[in-house]
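Here the structure is laid out as structure tokens; the discussion comes afterwards.
The values are calculated or read from the model by the stated rules, or taken from the named source; none is laboratory data. Just so it is clear, the model here is predicted, and its values are computed rather than measured. Cβ coordinates were reconstructed from backbone atoms using ideal geometry, including for glycine residues, and neighbour counts include every protein chain displayed. For the accessible areas, the whole protein counts, side chains as well, though only heavy atoms, and no ligand, DNA or RNA atoms are used. Shrake-Rupley method; radii C 1.70, N 1.55, O 1.52, S 1.80 Å.
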Amino acid sequence: MDLVSLSQQSNPNNYPSSIVSSNAAISNTTSSIISSGAATPTSSTQPPQPTTPSRYENQKRRDWNTFCQYLRNHRPPLSLSMCSGAHVLEFLRYLDQFGKTKVHNQTCPFFGLPNPPAPCPCPLRQAWGSLDALIGRLRAAYEEHGGRPEGNPFGARAVRIYLREVRDFQAKARGVSYEKKRKRPKPKVVPSSAQQQPSAPPPAAVLAEAAAASE
């Protein structure tokens, strides 16, 4: 048998021998890829998802950016290292124009009324609670950005005095109290087992005296 007959038997459609050989090579390569892919285990581990910042952290970041913008817009501009408690007080008074809390003047007929019956021309101010929380966040942000605790302008004595005065005046003007309510201690509950416990029997000496008296 010659080579032509062998080629015709392996290639009954009379395709060129180069195509047949290349198809065979592709088939072998594909099968090797499939087998290698099946042998390689797929990794089931997923990359750790980034944690979402809390509402407090987001608010603290916004407050810090607002204060830094205020320093840049200051005339003359101020750097953070030059900031003092007096500049913090200027910042708090600057925020009053964006307040939404009605604070009655002492000459207002509604001074001291928590629910005034009619509108009045008294100004809107930042509520004391908002300012107190703001200072707390800025004080923490200052130290997180490399500031020294002993030089923290948000913890200055002048700032604490200002917040106390704002609290006292708004409490009188609005007729509200900012004093924290003390929690009453809960009454102690006696367990039922202790309530139903039978009384101890009288001692033997008491029983002997009672028997002698009866005789």
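Keeping every protein chain present and rolling a 1.4 Å probe, give me the accessible area per residue for region 90-175 in Å². Don't skip to the end; give the middle numbers.
Values: 5120 Å² over 86 residues.
Computed with neighbouring chains in place, this is 60 Å² per residue.
Over region 55-174, calculate the relative contact order: mean separation of alpha carbon pairs under 8 Å at least 6 apart, over the residue count, as a percent.
Values: 110 pairs, mean separation 39.8, N = 120.
Relative contact order here is 33 percent.
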Local net charge near PRO53, Cβ-Cβ under 15 Å (Lys/Arg +1, Asp/Glu -1): +2
Residues of region 84-103 with amide N under 20 Å of a point placed 7 Å along Cα→Cβ from ARG164: 85-90, 92-93
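Using R₀ = 22 Å, calculate the FRET efficiency as 1/(1 + (r/R₀)^6) where r is the Cβ-Cβ separation of LYS172 and THR66; round to 0.05. Mind dumping the intermediate values first?
Working: r = 29 Å, r/R0 = 1.34.
After rounding, the FRET efficiency stands at 0.15.
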Formal net charge of residues neighbouring TRP64 (Cβ-Cβ distance under 11 Å; K, R +1; D, E -1): +2
Sequence-distant residues sharing a close amide H with ARG125 (under 5 Å, placed H): LYS100, THR101, LYS102, VAL103
Stretchable slack from TYR56 to GLU150, in nm (0.36 nm times residue separation minus alpha-carbon distance): 31.5 nm
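Per the 1.4 Å probe, what fraction of the accessible area of region 55-174, in percent, lies on carbon and sulfur atoms?
For region 55-174, the apolar C and S fraction of the accessible surface comes to 52 percent.
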Counted charge near PRO116, where neighbours are those whose Cβ lies closer than 11 Å (Asp, Glu -1; Lys, Arg +1): +2
